[in-house]
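Engineer: This is the structure I have questions about; it appears just below.
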Amino acid sequence: VTRWPRHLTQYICFGASMSSLRTQQSRLVTRIDQRGYIAVADALPSREAATLPFEQEKSEAEVTERPVPAAAARIGLHKLRAKYERGEPLCMLTAYDYMSARLADKAGADMLLVGDSLGMVVLGQEDTTEVTVDQMVHHSAAAARGVSRAFLVGDLPFGSYLTPAAAAHNGVRLVKEGRVDAVKLEGGLRVVEQVRALVDAGVAVMGHIGLTPQSYAQLGGYRVQGRTAEQAYSLLAEARALEKAGCFAIVLEMVPGPVAAMLTERLSVPTIGIGAGVATSGQVQVWHDVLGLYDKKAPKFAMRRANLEPMLLAALKEYCVAVGARTFPSDTHTFGMAAAELEVLTRRLGPITAAGPNGTLSTTFSTPVASKSKYSNSDNTDRLDSRDGPASTDSMDSTDSTHSTDSTDRTRSIDRTPPSILSGHSPSTTSTTVTTVTTANSHAPSSGRRAAPRVVRTISEWRALRASLFAHASVGLVPTMGALHAGHLSLAALAKRDNGVVVASIFVNPTQFGPNEDFGRYPRTWQEDLEKLQAAGVDYVFAPETSEMYPRASSSSAASLSPYIDFDGIDSLAEARARPNHFRGVATVVAKLLNIVKPSSVYFGQKDAMQCVVVRRLVDDLNFDTKVVVGETVRESDGLAMSSRNAYLSPAERQIASTVHAALRSLAAAADSGETDAAKLRDAAAEVVRTQPALALEYVSVASDENGAELETLPAAKPGVSRRGAVASIAVKLGATRLIDNILL
């Protein structure tokens, strides 16, 4: 006759709930043949048929009167055992709070583990030994609220099961207060009595052998366990002891694959592997490792399926920037007040003086007031902190550009006063932003103001955005060095016309400046640039630091092996001779931008003619999957090509500067009159420059617009074709300012 088990006495004396009865039944089923409980287990009703005595007295009619609402069936030990016996892998994930448990449960995990790894991935501790029982109870209870179907296991932390009595006490506490379905503890033979005490207390137990992180120091660090035959045999002995003591499953951590397979075959309970190969009965992974949210080194066995940190960081930065710029909260996020009540309030307290989201009184709060231009606001209430802008050595771009054609349709630059969309003037504002383009943004808030472009500082942040938000969208890139003018904005308008997403880069590229050039004093107008790009409807601004673009630039080693892109025969270009290594820097930074942003189209201005030639050759010969679009040169009313460097000119120099374009017009007029000798055409332009002694001529070039090679004879005009495939370029010095311009022939 089998002796009645002591741990069932409570049910004879006091009765039990349905949940307790089913838990006991599940535990007993997993332990058949271990303590001779076969007769008891057979006598218990099945899980489906089990009812309490008062439930058995109910009639069938009474039962049908109270239908049970449909809900996801919870996974218990019976279901886990059945899945194991069918040979189906068991999936387990860690979870530490309501959100992580809810998502892991919804994803389909069979079991969730509230692991003491929370000390490292949630609390930022160095290891798991600092975690307390109170913390485990707190996090287990939070995770339990997020579980609707999965089987929930909680770790007993280090030092909480030194004796069988302590193990039983803390295990029961995790079940009662933490609402877990089972507990897990680490160790083999040394914790067998603790496992028995927990089982005798009515707590389901999961074992854990191999690498036991709570005692990693004793094991000599985080090392693979069971590498030798003797060690593997010891692991088998420990696993069998845990199984006999009553564990319903055993975790195998950092165990060689063949050893884990051997243990799995020789045990009659499931094995859950982590770094133990594919032959175990199931797998467990840490939530933060799977999602890429742990900032320290991930173990070799981690299955990383996402990299969410850059995306989350970008979203949080966007919020901080929006608060600093007073673009959040907007009217849509703000509660209003009846006009009559507001009028009474203002009579008592005076008018509202706080700035709203547009730098003015919000229409949600107040009666109509005269609108005020954001850009004329002198109190800086709507300006980003200048600290958000690139440092003086960290901004970049490749061109002053702009108006309208692509690489297959490059038309002649037009000598006329640019329309308001290019000059930035409109009847309603004197701002230099592109007012006409602003009205086209379908994403503008109800107040009529565009959302500020999102600023991206790092390559990893951009790549995460690109992959997650618009992996298949058409992206237009406008590379700039900042100090934006209407030429840049016309390129942004072209990009917005052609693409679903528009990105402008702002980076003053140090590698395209010579030793005695103006890198240090190049205009840096971060705040104004952001305002202009916002008005133009640009979605993202990529503004990296120099160290982000050139991480090896500061290396003191002579062999830093920093790669650059150069061109065979580049010295034949007049601009390349005037600025040695300039195009090497341009080509390198453009290639990096194309690799980083991966745009569908990239936009450059015709004003930098030889740069356009170089970029087209770069894209064609290095097989970038990007279309090069070249916009027309945008000019001031007197013909001067718009350029960021025009800001250097004094009023007197500004009057003289228009002579540069006049010289090109003289050259074009000679060509139109039938002159084909390139030398005579150059002389025609030089003659005009000589009329202004303040101008120092560097070169006049007549070259192929295909490869930049200098021409001796201008190709003859073909019937029905307006252009001859040539470009006339000029460079002069006016005081300390270098001016360039060109015209297509």
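The values are calculated or read from the model by the stated rules, or taken from the named source; none is laboratory data. All values reported here derive from a predicted model rather than from experimental measurement. Note that each Cβ is placed from the backbone with ideal geometry, even for glycine, and that neighbours are counted across all protein chains shown. Ligands, DNA and RNA are excluded from the accessible area calculation, which covers all protein heavy atoms including side chains. Shrake-Rupley method; radii C 1.70, N 1.55, O 1.52, S 1.80 Å.
Engineer: So, with a 1.4 angstrom probe, what is the percent of accessible area on region 586-660 that is carbon and sulfur? Write down the numbers at each step before the final one.
Structural biologist: On the way: 1080 of 2420 Å².
About 45 percent, which is the carbon plus sulfur part of the accessible surface.
Engineer: Lysines within cross-link reach of Lys83: Cα-Cα under 26 Å, excluding same-chain residues under 8 positions apart?
Structural biologist: Correct list for Lys83: Lys106, Lys184, Lys244.
Engineer: Could you name the lysines whose alpha carbon sits less than 20 Å from that of Lys496, not counting residues in the same chain fewer than 8 places away?
Structural biologist: Straight-line reach from Lys496, under 20 Å: Lys532, Lys598, Lys627.
Engineer: Would you work out what percent of the accessible area of region 173-240, with all protein chains in place, is carbon or sulfur (probe 1.4 Å)?
Structural biologist: On the way: 1460 of 3030 Å².
Carbon with sulfur: 48 percent of the solvent-accessible area.
Engineer: At 7 Å along Cα-to-Cβ for each site, give me the label-to-label distance between Leu312 and Ser572 in nm.
Structural biologist: So the two model labels end up 5.6 nm from each other.
Engineer: Moving on to the next point. Carbon-plus-sulfur fraction of the accessible area of region 255-316, 1.4 Å probe, in percent?
Structural biologist: Working: 1970 of 3150 Å².
Within region 255-316, the accessible surface is 62 percent carbon and sulfur.
Engineer: Something else: Shape of region 611-714 from its Cα gyration tensor (a ≥ b ≥ c, root eigenvalues): rounded if a/c is under 1.5, otherwise prolate when a/b > b/c, or oblate? Before the final figure, lay out the partial values.
Structural biologist: Numbers: a/c = 2.35, a/b = 1.28, b/c = 1.83.
It is oblate, given that a/c is not under 1.5 and a/b is not larger than b/c.
Engineer: Gain in length, Thr332 to Asn595, computed as 0.36 nm per residue apart minus the alpha-carbon separation, to one decimal in nm?
Structural biologist: Here the answer is 90.9 nm.
Engineer: Also, quick follow-up: Quick one: accessible area per residue over region 175-250, 1.4 Å probe, rounded to a whole number of Å²? Kindly include the intermediate steps, with their values, before the conclusion.
Structural biologist: Details: 3170 Å² over 76 residues.
Counting only protein heavy atoms, the per-residue value for region 175-250 is 42 Å².
Engineer: Compute the signed sum of charges (Lys and Arg +1, Asp and Glu -1) over the other residues within less than 11 Å, Cβ to Cβ, of Ser460.
Structural biologist: Details: positive: Arg457, Arg463, Arg466; negative: Glu309, Glu461, Glu548.
Taking every other residue near Ser460 into account, the sum is 0.
Engineer: Still on this model: How compact is region 547-700 by the rule of thumb for globular proteins, expressed as Cα Rg over 2.2 N^0.38 Å?
Structural biologist: 1.26
Engineer: Evaluated at 20 °C with a viscosity of 1.002 mPa s, what Stokes-Einstein diffusion coefficient in µm²/s does region 157-220 have when Rh comes from the Kirkwood expression over alpha-carbon pairs? Present the calculation step by step, with values, prior to reporting the outcome.
Structural biologist: Numbers: Rh = 11.8 Å.
Translational diffusion coefficient: 181 µm²/s.
Engineer: Now for a different question. Please work out whether region 224-280 counts as rounded, prolate or oblate from its C-alpha gyration tensor, where a ≥ b ≥ c are the square roots of the eigenvalues and a/c under 1.5 means rounded, while otherwise a/b larger than b/c means prolate and anything else oblate?
Structural biologist: Values: a/c = 1.87, a/b = 1.28, b/c = 1.46.
Note, shape of region 224-280 comes out oblate.
Engineer: On the full set of protein chains, 1.4 Å probe, figure out the accessible area of Cys247 and give it in Å² to the nearest 10.
Structural biologist: Result for Cys247: roughly 0 Å² accessible.
Engineer: Still on this model: Which residue, Leu697, Val619, Ser643, has the largest displacement toward the positive end of the dipole of region 594-713 when charges sit on each Cβ (Lys, Arg +1; Asp, Glu -1)?
Structural biologist: Farthest towards the positive pole: Ser643.
Engineer: In angstroms, what radius of gyration and Dmax does region 468-589 have, counting Cα atoms only?
Structural biologist: 16.6, 46
Engineer: Calculated FRET efficiency, Glu126 and Ser474, Cβ-Cβ r, R0 45 Å, to nearest 0.05?
Structural biologist: E(calc), rounded to 0.05, equals 0.45.
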